[in-house]
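Below is one structure, written out as C-alpha cells, with a few remarks after it.
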Amino acid sequence: ASPAMACSLAGLEHEVAFQGHEVNLSAAEIRSLVDWYVKRRDGSLGVLEVTVFALSRKGDAASERETRKRTAAVVDLVRSLSEGHSIPVESRVTGVITPREEAYKTVVVTTQPLCVKTQSCCGGPIQR
C-alpha cells in the first residue's frame, strides 16, 4: 500500500444540526462542536483555517436570514475557540433548491490542517 493510502485526514468536517426555526446553538451542539474543534486545533494536524457554510432556500429571504443567523452563531463560537491561535474563520451561505429539508437545518464546519500550508500532509506534497 502506498503512504497516501495509509494516511488519513478524516474528521476535518463537523455538522451542527438546528431544530425547527431555532437560530441558537443547543447545549448539546455547543458541547459537540467544542469537543470536536479543540481536538482538531490541539491535535497533531492542527488547524490552518476554518470554513463554516450552510444552505438556504434559494429566493427565500426569511430562510436566508435564518441561515445567516445560524452560521453567525457557529462562527462566533469557533472564533472564540480560535483566539490566540491566529486561525482565520470564514463563512458562506449559498441559496439552493433541494427536496432534502434537513439540508437547510445543518451548518457545516470544515478545517484545513496546518500541513496544507507546508504541503507535508501524509508525508509529501498534496496531489490536487
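Scanning the stretch 67-87 for residues that are crowded, with 17+ Cβ neighbours inside 10 Å and touching a Lys or Arg at 6+ places or on another chain (Cβ under 9 Å) turns up Thr67, Arg70, Thr71, Leu81, Ser82, Ile87. Yes or no: the stretch 99-111 includes at least one residue that is touching a residue at least 12 places away in the same chain (Cβ under 8 Å) and more than 17 Å from the chain's Cα centre (by Cα). Among the residues of the stretch 99-111, not one is touching a residue at least 12 places away in the same chain (Cβ under 8 Å) and more than 17 Å from the chain's Cα centre (by Cα), which makes the answer no. Taken together, the criteria place Arg128 among residues that are basic (Lys, Arg), out of contact with any helix residue (DSSP H, G or I) (no Cβ under 8 Å at 6 or more places or on another chain) and at pLDDT below 90. Only a single item in (1) assigned to a helix (DSSP H, G or I); (2) at pLDDT 90 or above is not met by Val116, and it is number (2). Filtered by the rule that a residue be in contact (Cβ under 8 Å) with a residue 60 or more places away in the chain and more than 16 Å from Val16 (Cβ to Cβ), the stretch 42-92 gives Leu45, Gly46, Val47, Leu48, Glu49.
Among the helices (runs of 4 or more DSSP H) confined wholly to the stretch 1-108, which include 3 or more residues that are out of contact with any strand residue (DSSP E or B) (no Cβ under 6 Å at 6 or more places or on another chain) and modelled with pLDDT of 95 or more? Spell out how you get there, then give the answer.
Numbers: elements: 3-6, 27-42, 61-82.
Of the helices (runs of 4 or more DSSP H) lying wholly inside the stretch 1-108, those with at least 3 residues that are out of contact with any strand residue (DSSP E or B) (no Cβ under 6 Å at 6 or more places or on another chain) and modelled with pLDDT of 95 or more span 27-42, 61-82.
The values are calculated or read from the model by the stated rules, or taken from the named source; none is laboratory data. These figures come from a predicted structure and were not determined experimentally. All Cβ positions, even for glycine, are placed from backbone atoms using ideal geometry, and neighbour counts span all protein chains on display.
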